[in-house]
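Report on the structure given below.
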There are 2 protein chains.
Amino acid sequence: MTVTADQVRQLREQTGAGMMECKKALVESAGDFDKAVDVLRKSGVAKAEKRGDRAASEGLVEAYIHPGSRVGVLIEVNCETDFVARTPEFADLVRNLAMQVAAAGADYVRREDVPSERVAKEREIFAAQLEGQGKPAAILDKIVTGKLEKFFAEVCLLEQPYVRDDKVTIGDLVTAAASRTGENLVVRRFVRFRLGKD
Amino acid sequence: MTVTADQVRQLREQTGAGMMECKKALVESAGDFDKAVDVLRKSGVAKAEKRGDRAASEGLVEAYIHPGSRVGVLIEVNCETDFVARTPEFADLVRNLAMQVAAAGADYVRREDVPSERVAKEREIFAAQLEGQGKPAAILDKIVTGKLEKFFAEVCLLEQPYVRDDKVTIGDLVTAAASRTGENLVVRRFVRFRLGKD
């Protein structure tokens with residue numbers, strides 16, 4: 001089947017994927033545009049996950065100062081090449097992440113970064129809250145685990161709902177950008193200052 | 001003796017001190033302009049030092065991203081009132097401090113913040129460097145103390161020479177601004193990210 005240059009261009013514009021990838025996806029979907037988008041999204045995300053091993057040592061250090069200068073954020077996001085670091089798409093991602101941290105706060109990048117003592121303490125508090133309600137141990141465990149998940153979604157940046165679109169998490173946002181740029185993207189660190197506070 | 005409005009204005013422009021202070025200084029110095037400047041500097045600095053007890057909980061959180069976005073700094077500087085926090089002079093100071101940290105780096109705000117283990121370790125290294133040179137203990141001690149002073153001037157922001165004018169230290173810069181704004185100014189904290197590094 002024949003794929004026109006115009007179809008390829010259109011698919012590129014919508015997905016940000018490479019020209020050859022778009023052509024292949026259109027061939028695979030027999031010219032069905034929406035199916036081709038799905039093909040790209042699937043392979044793109046799959047790639048982003050495999051990509052995790054490659055070194056991400058380029059990127060940007062960016063800041064966001066909230067109007068009024070009472071809250072500020074400094075963030076470092078890594079990618080693999082200086083080329084991607086200089087794209088507007090990557091800069092946008094980094095800016096959005098900095099704004100997310102300013103707006104929602106976060107203590108850690110990912111749940112692996114939460115110290116085990118803090119997790120143990122939260123677990124203890126949740127268990128204490130449920131004490132004396134006569135619930136069976138298996139149910140209690142389930143509730144505590146559920147509360148812990150909620151805790152992680154609050155304190156870990158990558159698990160937070162995106163403040164500008166709460167149907168996606170920050171992790172989704174980063175994965176989608178990784179997929180579009182074709183590189184492994186890593187939020188390395190951030191810090192948030194509140195005037196006179198933490 | 002009479003002090004002209006013109007003299008007062010000129011003195012204000014040079015020192016940034018208040019109108020009444022300038023008038024008083026000119027009266028005190030019997031109209032001698034340079035003496036009046038000295039009077040103001042002395043009382044100004046004296047005030048800045050007494051001021052240290054008053055609470056500084058207003059201020060600005062500011063960032064500086066070095067062109068290229070590979071080095072970034074987030075800093076919090078406190079003053080006593082929102083009024084001073086909104087002056088261009090205070091904003092300038094904060095911006096200059098952020099640039100200083102980006103350019104020169106620093107591990108601590110002041111020498112009191114350096115952990116005693118780190119001081120002990122530096123002292124040990126300096127002593128080891130001088131070992132076996134047959135110098136008397138009193139001299140050794142003096143040299144080690146001198147080297148430690150140099151170490152503090154490197155790692156403590158307030159003791160560093162200002163990168164834009166190495167005849168003054170950052171501490172001098174802050175004291176002068178405190179004197180001019182009439183408030184206690186405190187560099188509360190800062191953080192510096194280098195892409196892919198510390």
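What pairs in A:Lys197/B:Lys197; B:Lys142/B:Lys167; A:Lys197/B:Lys35; A:Lys35/A:Lys167 have C-alpha atoms more than 31 Å from each other?
Numbers: A:Lys197/B:Lys197 27 Å; B:Lys142/B:Lys167 24 Å; A:Lys197/B:Lys35 43 Å; A:Lys35/A:Lys167 22 Å.
Flagged as over cut-off: A:Lys197/B:Lys35.
Where only protein heavy atoms count, and the probe is 1.4 Å, what is the accessible area per residue for the protein assembly as shown in Å²? Before the final figure, lay out each step's value.
Numbers: 22390 Å² over 396 residues.
Averaged over the residues of the protein assembly as shown, the accessible area is 57 Å².
Below 8 Å, C-alpha to C-alpha, sequence gap of six or more: please give me the relative contact order for chain B in percent. Display every interim value, and only then the final one.
Values: 261 pairs, mean separation 52.4, N = 198.
It comes to 26 percent, rounded to a whole number.
Averaged over the residues of peptide A:58-71, the number of Cβ atoms from other protein chains lying within 10 Å of each residue's Cβ is 5.
Cross-link partners for A:Lys121 among the aspartates and glutamates, with Cα-Cα distance under 18 Å and sequence neighbours closer than 8 places in the same chain left out: A:Asp107, A:Glu112, A:Asp113, A:Glu131, A:Asp141, A:Glu149, A:Glu154.
With only Lys, Arg, Asp and Glu charged, each at its Cβ (+1 for the first two, -1 for the last two), find how big the charge dipole of chain A is about the Cα centre; round to the nearest 20 debye.
Values: 31 positive and 32 negative charges, 35 e Å.
Using Cβ point charges on Lys, Arg, Asp and Glu, chain A gives about 180 debye.
Surface composition of the range A:113-198: carbon and sulfur make up 53 percent of the accessible area, probe 1.4 Å.
Rounded to the nearest 500 deg cm²/dmol, what is the calculated helix-only ellipticity per residue at 222 nm for the protein assembly as shown, with -39500 (n - 2.57) per DSSP H run of length n ≥ 4? Please report the intermediate quantities before stating the final value.
Numbers: 16 runs with 212 residues, N = 396.
For the protein assembly as shown, the value works out to -17000 deg cm²/dmol.
In this assembly, the B-A interface accounts for approximately 2100 Å² of buried accessible surface in total, computed with a 1.4 Å probe and without ligands, DNA or RNA. In terms of Cα atoms, the Rg and Dmax of the range B:88-132 work out to 16.3, 55 Å. Stokes-Einstein diffusion of the protein assembly as shown at 37 °C, 0.692 mPa s viscosity, Kirkwood radius from Cα pairs, rounded to a whole number: 127 µm²/s. Each other residue within a Cβ distance under 12 Å of A:Pro161 adds +1 if Lys or Arg and -1 if Asp or Glu, for a net charge of -2.
Compute the signed sum of charges (Lys and Arg +1, Asp and Glu -1) over the other residues within less than 13 Å, Cβ to Cβ, of B:Ser69.
On the way: positive: A:Arg86, A:Arg95, B:Arg70, B:Arg194; negative: A:Glu58, A:Glu62, A:Glu76, A:Asp82.
Here the charged neighbours net out to 0.
The residues neighbouring A:Lys135, those whose beta-carbon lies less than 13 Å from its own, together hold a net charge of -1 under the Lys/Arg +1, Asp/Glu -1 convention. The spacing between the range A:159-179 and the range B:77-112, judged by their C-alpha centroids, is 34 Å. With a 10 Å cut-off around each Cβ of A:191-197, the average count of Cβ atoms from other chains is 6.
According to the Cα gyration tensor, what semi-axes, each the square root of 5 times an eigenvalue, does the equivalent ellipsoid of the range B:61-198 have, listed from largest to smallest in whole Å?
On the way: eigenvalues 218, 67, 29 Å².
They are 33, 18, 12 Å, listed largest first.
Peptide A:75-81 is shielded by partner chain Cβ atoms: per residue, an average of 2 of them sit within 10 Å of its Cβ.
The values are calculated or read from the model by the stated rules, or taken from the named source; none is laboratory data. These numbers were taken from a predicted model, which means no experiment stands behind them. Every residue, glycine among them, receives a Cβ derived from its backbone with ideal geometry; neighbour counts consider all protein chains shown. Areas reflect the complete protein model, heavy atoms only, side chains present, ligands, DNA and RNA absent. Shrake-Rupley method; radii C 1.70, N 1.55, O 1.52, S 1.80 Å.
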